[in-house]
Amino acid sequence: MGTFVKLPALESIEICAQSLDFCVVDYEHSQLSEADVLRLVRHAAAIGFPAVVRIPEVDRGLVNRLLEAGAAGIQLSAARRVAEVRALASAVAYAPDGSRSISLAHPQARYGAVPLRDYLASKEAPLVVIQLETRETEDPPVELCRAGADVAFLGLTDLLVDCDLDEGVAAVRAETLAAAAAEAGIALGGFGAEERFRYSVVSSDVALLREAVAGVG
């Protein structure tokens, strides 16, 4: 279970680390700059707390910088095409499995102190999370899930809006997307604490702060 981090304060990371399994630093729906995101990710890595980063589109350079800072994975919003998922899976993996550029001049390799072979042998594969949140996709959902993702994250709010706020239609589509993840053999995730979610993102630091402040009055 984790939560979205939308504030640039390092305290958000430290508080999340006390009670949660991971966080998702939100580089899509927040006011965070890239420098803010890298700083949060670096701090999370330094205290041994997994931080996934949500991005709106695949940018190989950005993905590499995030991973070199210590991101535990990348979460891609609104996946619609197999090519997008393959591009992300390739961007997070070094050759021969992917196309990620290699460097040792970053924190995860102790700025070159770790030999290349040792660094490559010690690296865990970053988590690849794709958000399925649209009424239609260009490729079948099961093919999206088979294109290199570890988790299919149901974006239920976006899905409801895409279904013109028709809750019945959105519910049917959500079940179809969940079934696709199951058929592909990958974990199901989503926003909320549903029992079926193995990767559950509950609320955000700003929402939790708002609720706490509202409860004081």
Per the filter on region 130-153, residues touching an Asp or Glu at 6+ places or on another chain (Cβ under 7 Å) and either part of a strand (DSSP E or B) or of a type in the set (V, I, T) (or both) are T134, V142
Exclusive hit being at pLDDT 95 or above, in contact with a Lys or Arg (Cβ under 8 Å, 6 or more places away or on another chain) and either surrounded by 14 or more Cβ atoms within 10 Å (Cβ to Cβ) or outside any strand (DSSP E or B) (or both), set Q18, Q108, Q75:
Q75
Restricting region 163-200 to residues that are under 19 Å from the mean Cα position of the chain (by Cα) and more than 24 Å from E143 (Cβ to Cβ), which is surrounded by the fewest Cβ atoms within 10 Å (Cβ to Cβ)?
A193
Those residues of region 1-15 which are in a helix (DSSP H, G or I) and surrounded by 19 or more Cβ atoms within 10 Å (Cβ to Cβ), in sequence order:
S12, I13
Taking D26, is it among the acidic types (D, E), under 18 Å from D205 (Cα atoms), in contact (Cβ under 8 Å) with a residue 60 or more places away in the chain and crowded, with 16+ Cβ neighbours inside 10 Å?
yes
Scope region 181-217; condition small (G, A, S) and farther than 26 Å from A51 by Cα; matching residues
A214, G215, G217
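The values are calculated or read from the model by the stated rules, or taken from the named source; none is laboratory data. These figures come from a predicted structure and were not determined experimentally. With ideal geometry, Cβ positions are generated from the backbone for all residues, glycine too; neighbour counts draw on all protein chains shown.
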